[in-house]
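Here's the structure, in structure tokens; my notes come after.
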Amino acid sequence: MQQTPNGQVRVLVVMAHPDDAEFGAAGTIARWAAEGRQVTYLILTDGNRGSSDPAMTAERLAQIRHAEQRAAAMKLGVKDVFFLGYDDGSLQPTLDLRRQITRWIRRTKPDVVVAPDPTRRWTGQRYINHPDHRAAGEATLDAIIPGSDTRLVFPELIEEGLDPHEVKEIYLSGSNEADVWVDISDTIGLKIEALKEHKSQVGDWEELEQTIRERAAEMGKSQGLPVAEGFKYFRLHE
Ligand SMILES: [Zn+2]
């Protein structure tokens, strides 16, 4: 991976909900952070619908999920966490969302962007992907091209002093077409620790841990790795 002039690779992780980054990429994120990469999260919704408790309000849940996301990110060595505050469950890949993500790409100038694969509609016979995940992936890819790197797109961002920025690499998580695998042998423990910070979302810790370990082992198998996270990968610039 190329380095920025100051020697540090910058990574921006764009996800729909608090906990998506941990489920999809926490082992990789922890590994990168340990290697000295500067990782920032941009979480598009507040995750404020993820409860069936009749006593819970959307406002209260948003606060809880922000705190859980910050705690999880801290475990992994993530530097900053920003929230765009969209409503959980109704995220759309609008021009407004694309502009907002472009703004954050130009602000944080990442070499690498991690986002959900927008083409994943389902996997196998048991999993239908959440529409927020697809919307987050689509808006993020559109924010990279033709958003962040093109001067005449979003001239209002130029007025804010945000010049075009070229993202070099993209890692799409949760993809059915993974073509890059990251060995997370040293960081799967941290991944599980980080996931456990999402207390409002996780019922059975042991079941969660078992599922994560099984999935990571399954993902690594084809590559001869003990445990891995898989991504659909793009290298756009050297
Ligand atoms: Zn999610």
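The values are calculated or read from the model by the stated rules, or taken from the named source; none is laboratory data. Model, not experiment: these values are computed from the prediction. So basically every Cβ, Gly included, is an ideal-geometry build from the backbone, and we count neighbours across all protein chains shown.
Overview of values
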item: Options Arg65, Arg49, Arg60: the member that is more than 15 Å from the ligand (Cβ to nearest atom) and either touching a Ser or Thr at 6+ places or on another chain (Cβ under 6 Å) or not aliphatic (A, V, I, L, M) (or both); result: Arg60
item: Selected residue (only one of Val78, Val39 is among the aliphatic types (A, V, I, L, M), in a strand (DSSP E or B), at pLDDT 95 or above and more than 16 Å from the ligand (Cβ to nearest atom)); result: Val39
item: Test: Arg98 is over 28 Å from Ile188 (Cα atoms) and either without any contact (Cβ under 8 Å) to a residue 24 or more places away in the chain or not acidic (Asp, Glu) (or both); result: yes
item: Test: residue in region 155-172 that is modelled with pLDDT of 95 or more, crowded, with 22+ Cβ neighbours inside 10 Å and within 15 Å of the ligand (Cβ to nearest atom); result: yes
item: Odd one out for Ala26 among (1) farther than 21 Å from Gln92 by Cβ; (2) surrounded by fewer than 24 Cβ atoms within 10 Å (Cβ to Cβ); result: (2)
item: Per-region count, region 173-196, residues surrounded by fewer than 22 Cβ atoms within 10 Å (Cβ to Cβ) and polar (S, T, N, Q); result: 3
item: First in region 108-129 and β-branched (Val, Ile, Thr), second anywhere and exposed (fewer than 12 other Cβ atoms within 10 Å of the Cβ), Cβ under 6 Å, 6 or more apart; result: Ile128/Trp122
item: Pairs, first assigned to a loop (DSSP other than H, G, I, E, B) in region 13-31, second near the ligand (Cβ under 9 Å from one of its atoms) and among the acidic types (Asp, Glu), C-beta under 9 Å, six or more apart; result: Ala16/Asp88; Ala16/Asp132; His17/Asp88; His17/Asp132
item: Scope region 1-36; condition of a type in the set (Ser, Thr, Tyr) and either near the ligand (Cβ under 10 Å from one of its atoms) or at pLDDT 90 or above (or both); matching residues; result: Thr28
item: Single residue of Asp111, Asp80, Asp96, Asp117 found to be of a type outside the set (Val, Ile, Thr), within 17 Å of the chain's Cα centre (by Cα) and surrounded by fewer than 20 Cβ atoms within 10 Å (Cβ to Cβ); result: Asp80
item: Residue check for Val9: β-branched (Val, Ile, Thr) and either touching a residue at least 60 places away in the same chain (Cβ under 8 Å) or surrounded by fewer than 24 Cβ atoms within 10 Å (Cβ to Cβ) (or both); result: yes
item: Condition check for Arg49: at negative phi and in a helix (DSSP H, G or I); result: no
item: Meets criteria (assigned to a loop (DSSP other than H, G, I, E, B), free of Cβ contacts under 8 Å to residues at least 60 places away in the same chain and of a type outside the set (Val, Ile, Thr)) for Met56; result: yes
item: Matching helices (runs of 4 or more DSSP H) fully within region 126-238 where at least 2 residues are in contact with a strand residue (DSSP E or B) (Cβ under 7 Å, 6 or more places away or on another chain) and closer than 17 Å to Ala21 by Cβ; result: 131-142, 205-221
item: Candidate set: region 123-142, residues that are hydrophobic (A, V, I, L, M, F, W, C) and under 26 Å from Val167 (Cα atoms); chosen: the one farthest from the ligand (Cβ to nearest atom); result: Leu141
item: Among (1) farther than 27 Å from Gln223 by Cβ; (2) under 16 Å from the mean Cα position of the chain (by Cα); (3) of a type outside the set (Gly, Ala, Ser), the one test that Arg134 misses; result: (1)
